[in-house]
1. Please state the equivalent ellipsoid semi-axes for segment 227-303: what are the square roots of 5 times the Cα gyration tensor eigenvalues, largest first, in whole Å?
2. Rounded to whole Hz and in sequence order, give me ³J(HN,Hα) for segment 283-294 from the Karplus expression 6.51 cos²θ - 1.76 cosθ + 1.60, θ = phi - 60°, writing x for Gly and Pro.
3. Normalised by the empirical 2.2 N^0.38 Å for globular proteins, what value does the Cα Rg of segment 151-297 take?
4. May I ask for the Rg/Rh ratio of segment 17-153, computed from Cα atoms with Rh as the Kirkwood radius, given to two decimals?
5. As I understand it, the dipole of the chain uses +1 on the Cβ of Lys and Arg and -1 on the Cβ of Asp and Glu, about the Cα centre. Which of ASN341, SER220, ILE306 lies farthest toward its positive end?
6. Let me know the longest stretch in the chain that avoids all trypsin sites (Lys or Arg not before Pro) found in a DSSP loop with at most 14 other C-beta atoms within 10 Å.
7. Per DSSP H run of n ≥ 4, the term is -39500 (n - 2.57); total these for the chain, divide by its residue number, and report the mean residue ellipticity at 222 nm rounded to 500 deg cm²/dmol.
8. Please report the orientation-averaged projected area of the chain, defined via the convex hull of its C-alpha atoms, in nm².
Amino acid sequence: MQPTQIVDLFAGPGGLDLAAERLGVPTVGIEWDASTCKTRRAAGLETAEGDVRLYKPSDFPEADVLAGGPPCQSFSVAGKGIGRRTLDDVLRFIERLVAREDREEIEKDLGKLDDERTELVLQPLIWALDAIDRLDRPYRAIVLEQVPAVLPLWKEYGKALMDEGYQVDCGILHAEAFGVPQTRRRAFLIARYGKDSAVLPPATHRIYRKGIVQNAGEASLLPWRTMADVLSRPSAFEVISNYGVGGNPRVRGRRRSDEPSATVTGKISRNRVVGLDGFELPRFSHSEAGRLQTFPTNYPWSGGDISQQIGNAVPPQLAMHVLSAAFGWATPSESKLRGLNT
């Protein structure tokens, strides 16, 4: 398929949109954070600033692909406590939406909930159903992304979308398995309308395992990439995480420059960087943190809380692989991937 335009809900600073534009697919992103919108506009990405709930599919008549990463909630993988109850609430609303219950009643009940993220996490499904019911023009493809704990929700989304005529695949992808110099796991859903199958993209690189050398593993896959591959620092270094490991705040995660970065989060600026001689080095700049996410070196990060913008973003290189799979295209070429750096 050749998409006309992607409408990206909760678009962030532009990871997915940058990938789409490099693939030749126009985008428009909805984002409510003013600083993030400054970054997007500085990058030349079309942006609608505001709350996703105040827009609807008819506001973007050219869009035939829906994407989004709604704010995550504390869904419990173990199925206990508040997370389990939150997921149960969302599942009940999914059932009501698919059953085409009165939308005003559903919205009234959503307004009674303590956590508005329940309503936000339902927005991609609401948009998908509205495109079918109110426009008679289903989105040709849907791409959703969030933290791994959201996978049970994507599976329920998948069931609902299959009832509407979509082919669906969802699962956990490892960013380093697609050439991102970072170990980052995320839950993705791909849906394609009609009879064409939906399949998550195949890995191109090996998955990082602590203590396993870079050239070990399946010979058909490329070695994982390291921090040193994308950062122009003059000497080897080690990153000491701001987070404790295994619940112990005294034990800090450590990664050497000849390894992939740990997951880039909004607190990456707090991570210490030290030389192998133990001396403190400058912490990662915004440009360097962005490079670990596969953004261009000169990406125009703007506004406030830039570290959070970077940590929240979808890595563009991973997004390019996912979008190509969603469109039924081949694995992106090296020239396409290199285009992300310009």
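Rule-based calculations on the coordinates, nothing more; no lab input. Since we're looking at a predicted model, the values are computed, not measured. Reconstructed Cβ throughout: ideal geometry from the backbone, glycine too, with neighbour counts over all protein chains shown.
1. The answer is 21, 16, 11 Å, longest axis first.
2. 3J(HN,Hα) across segment 283-294, in whole Hz: 6, 4, 6, 4, 4, 5, 4, x, 5, 5, 9, 6.
3. Scaled against compact globular proteins, the figure is 1.25.
4. Rg divided by Rh gives 0.97.
5. Working it through, the farthest residue towards the positive pole turns out to be SER220.
6. Between the exposed loop sites, the longest stretch runs 1-79.
7. Values: 12 runs with 106 residues, N = 342.
After summing the helix terms and dividing by the residues of the chain, the value is -8500 deg cm²/dmol.
8. 17.8
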